[in-house]
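Take a look at the structure set out below.
Throughout, read-outs are computed from the coordinates displayed, never taken from laboratory work. Bear in mind that the values here come from a model prediction, so they are computed numbers and not experimental data. Cβ atoms come from the backbone with ideal geometry, glycine included; neighbour counts cover every protein chain shown.
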Amino acid sequence: MPRFHHGFARLRSAACNTLLGLGCWLAVGAAQAQSAAHEEVARLLRAGLAEQAQQKAEAGLATQPNDAQLRFLKGVAQSQRGQSEAASATFSALTQDFPELPEPYNNLAVLEAAAGRLDAARAALETALRLNPGYATAQQNLGDVYARLAGRAWARALELDPANPALQPRLQILQQLPTTGAVR
């Protein structure tokens, strides 16, 4: 996986872990065959077999095109395969079709942040947190986005006022933030 500056590896790995840990997120009332397909796709993703996971998800979606969990897992597989645009399209479509689900907003935010679109990432994370105020991963990701936005603002301020003694220490603090985090 690509590494991101100022904590974005943590943002990406936390989101991917969230993606994989959602085995029950939409399982209420799901048919056993659907549940088996969800479990198989999630297992393939955990095993690092994103291409096979995507194929399995697409096969399931051929018969159940509105299965939100399979669509979500397909987006995870696309992301793991480096298909950022396709994954963004998948997560964006999920936010349109299932606006009550916070997880697609979180994962969309990860992709937006990786592309440097921090304002879009912030907005997606704020939506995820409005939907689920207790969503710790989205809260952590929002903190990472705010830190990166602060870094950009302070770097620009330093360009405008190189003699400002308060700016360099702030930038140094941001540079000391871990760039990787434990998978949760």
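Give me P(r) over region 50-94, computed from all C-alpha to C-alpha distances, binned every 10 Å, as integer percentages.
35, 59, 7
Once the piece of chain linking ASP161 and GLU58 is laid out straight, how much longer is it, given 0.36 nm per residue of separation minus the C-alpha distance between them?
Working it through step by step, the gained length comes to 31.8 nm.
Would any residue of region 73-107 have its amide N under 16 Å from a label point 7 Å out along Cα→Cβ of GLU51? List them or say none.
Within reach of a label on GLU51, which here means backbone N under 16 Å from a point 7 Å along Cα→Cβ, region 73-107 contributes 77-83.
Distance from the Cα centre of region 144-176 to that of region 83-122, in angstrom?
Here the two parts' Cα centres lie 27 Å apart.
How compact is region 28-184 by the rule of thumb for globular proteins, expressed as Cα Rg over 2.2 N^0.38 Å?
Ratio of Cα Rg to 2.2 N^0.38 Å: 1.24.
Taking the inverse of the average 1/r across all pairs of different Cα atoms in region 99-149, what Kirkwood radius in Å do you get?
10.2
Counting residues in region 98-184 as N, plug N into 2.2 N^0.38 Å and put the Cα Rg over that result.
Dividing the Cα radius of gyration by 2.2 N^0.38 Å gives 1.24.
Applying the Karplus parametrisation 6.51 cos²θ - 1.76 cosθ + 1.60 with θ = phi - 60° to the phi angles of region 35-40, what ³J(HN,Hα) value in whole Hz is obtained for each residue in order, glycine and proline being reported as x?
For region 35-40, the Karplus curve yields 4, 4, 5, 4, 4, 5 Hz.
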